[in-house]
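Below is one structure, written out as structure tokens; comments come after it.
The values are calculated or read from the model by the stated rules, or taken from the named source; none is laboratory data. Only a predicted model underlies this, so the values are computations on that prediction, with no experimental measurement involved. Here Cβ is always computed from backbone atoms with ideal geometry, including for glycine, and neighbour counts include all displayed protein chains.
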Amino acid sequence: MNVTPVVLRSLAVLLVSVLWCRPVSASWDLWEVYRLALLNDPAYRSEQLRHDAVSLDGPIAEAAWHGSVSVAGRLGYRMTDDTPHNNWEDHEDHLLELRAEVPVYDRVLRTEVHQSEAAQSASAMLLRQSHQQLILRVAQRYLDVLAAQDRREVARVDIIAIRRQLDLTSERLEVGLGTQADLFDARARLKQAEANAIQADNLHKVSISLLGQVIGQPPQALAPLLGDAPLSAPQPALIDEWTAQAATSNLDVRTKTLELKVAEFEVKKLQDATYPRVTAGGSRSVTVGKVGSKTSDAASVYLQVSIPVFTGGLSLRSERAGIEYNRAHEALDHARRQALAETTTAYLDVTGNISQVEALREAITAGESALSAKQEGFNAGLTTNLDVLDAQRNLSQSRTDYLNARYSYILSLLALEQAIGDLDQSDIQRVNQWLDRES
């Protein structure tokens with residue numbers, strides 16, 4: 001058969017179209033979800049806006065040193081008595097004045113500048129904390145969805161296995177090899193498995209909704225965790241090295257240290273309020289009398305010294321600032337203890353999850369062997385139907401616990417990085433490598 005060039009071209013176009021339109025994986029990985037959360041999570045965006053607002057405090061404090069320029073005007077009317085003739089005269093008295101002042105020496109303004117710098121640093125640290133919390137929140141909710149999917153799949157497999165056992169029990173009963181109790185046990189286990197499947201399905205829907213709350217839209221299918229995802233122990237291996245780093249690098253500790261500095265500057269600012277202030281200024285004024293004629297034109301340059309004698313409420317404000325300073329000091333001490341506790345907990349969780357995953361992997365292998373042996377024993381009349389159902393239940397529980405332990409390991413690892421202040425987007429990228437993005 002002869003194939004014309006037109007037909008060949010048509011086949012080529014069709015082949016390219018098929019390859020081009022071939023469906024690709026629509027799964028989202030953790031990195032994609034994280035980037036969506038950066039743009040759409042309202043809690044993180046709110047913290048960004050708060051930081052933007054605090055960032056203006058520094059320029060505002062600096063601007064106070066630039067001084068001020070004002071224009072004042074007055075429309076007046078005055079009467080004069082030309083004594084001794086007792087001759088009262090009326091005069092219009094209009095004033096226009098331009099005044100400029102700039103601080104030369106002001107301890108309060110100087111302290112406010114330093115205080116605003118410390119406040120900006122504390123705000124930046126709070127923003128970093130919010131970013132770390134976002135990373136943990138995204139990872140937690142992403143893995144919650146995967147865990148719910150796993151739980152739903154385990155429930156589905158459980159139903160299939162129990163239904164098969166129920167059918168086998170029913171067949172044996174028909175030929176007089178079983179009991180009604182075996183049949184009732186199998187039916188009860190099936191109904192329980194169906195209830196578990198309903199619960200797993202609801203949890204899956206809830207977890208998807210919670211993830212959508214962070215990213216601002218319903219998520220697509222998510223890339224699952226690879227079966228051979230690595231489980232590495234924390235390095236360095238000594239827990240004391242982790243807690244020592246957390247004592248100085250934990251972001252909450254660093255934030256509370258800066259907030260203590262802000263409180264210290266507040267105390268100093270109120271102490272500085274008792275010192276003299278020096279202001280340099282100048283003015284130009286024009287006074288206009290009746291019929292618009294200029295009656296006077298004056299200019300002045302001055303150096304003004306103000307010495308506070310009494311300021312109402314200053315002592316109470318100073319007392320309050322002292323209390324706030326003590327409170328900030330206690331908050332810092334609490335943050336250090338909390339960082340120590342969180343680091344210790346996260347470290348032990350990581351190491352414990354590694355051992356737990358290994359143990360549960362072996363438990364699954366043993367459970368599969370036990371179930372197979374119980375089924376063979378049941379077929380030979382050596383074990384009861386209840387023995388088989390118990391083995392099936394134990395195997396399902398081991399599978400669920402194994403999958404959950406892997407997710408707990410990842411979350412504990414991220415929590416450990418957060419406790420020492422090192423958690424950032426590179427950790428998201430590292431976990432992302434453990435996902436099956438081709439599924």
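Residues in the range 331-354: is at least one of a type in the set (Phe, Trp, Tyr), assigned to a helix (DSSP H, G or I), touching a residue at least 24 places away in the same chain (Cβ under 8 Å) and farther than 30 Å from Leu414 by Cβ?
No, the conditions are met nowhere in the range 331-354.
If you take the residues of the range 384-439 that are of a type in the set (Gly, Ala, Ser), part of a helix (DSSP H, G or I) and in contact (Cβ under 8 Å) with a residue 60 or more places away in the chain, which of them is nearest to Gln338 (Cα to Cα)?
Going through the qualifying residues, I end up with Ala419.
Which ones in the range 68-116 are at pLDDT 70 or above and among the β-branched types (Val, Ile, Thr)?
Correct list: Val69, Val71, Val102, Val104, Val108, Thr111, Val113.
For residues that are crowded, with 17+ Cβ neighbours inside 10 Å and not in a helix (DSSP H, G or I), scanning just the range 225-246, find the one that is farthest from the chain's Cα centre (by Cα).
Out of the qualifying residues, it is Leu231.
Being under 30 Å from Val138 (Cβ atoms) and among the β-branched types (Val, Ile, Thr) is the filter here; which residues of the range 150-208 pass it?
Val154, Val157, Ile198, Val206, Ile208
Look at the range 308-330 and say how many of its residues are more than 16 Å from Phe265 (Cβ to Cβ) and either surrounded by 14 or more Cβ atoms within 10 Å (Cβ to Cβ) or more than 30 Å from the chain's Cα centre (by Cα) (or both).
So the count comes out to 10.
For Ser207, indicate whether it is touching a Leu at 6+ places or on another chain (Cβ under 8 Å), small (Gly, Ala, Ser) and surrounded by 13 or more Cβ atoms within 10 Å (Cβ to Cβ).
Against the criterion (touching a Leu at 6+ places or on another chain (Cβ under 8 Å), small (Gly, Ala, Ser) and surrounded by 13 or more Cβ atoms within 10 Å (Cβ to Cβ)), Ser207 does not qualify.
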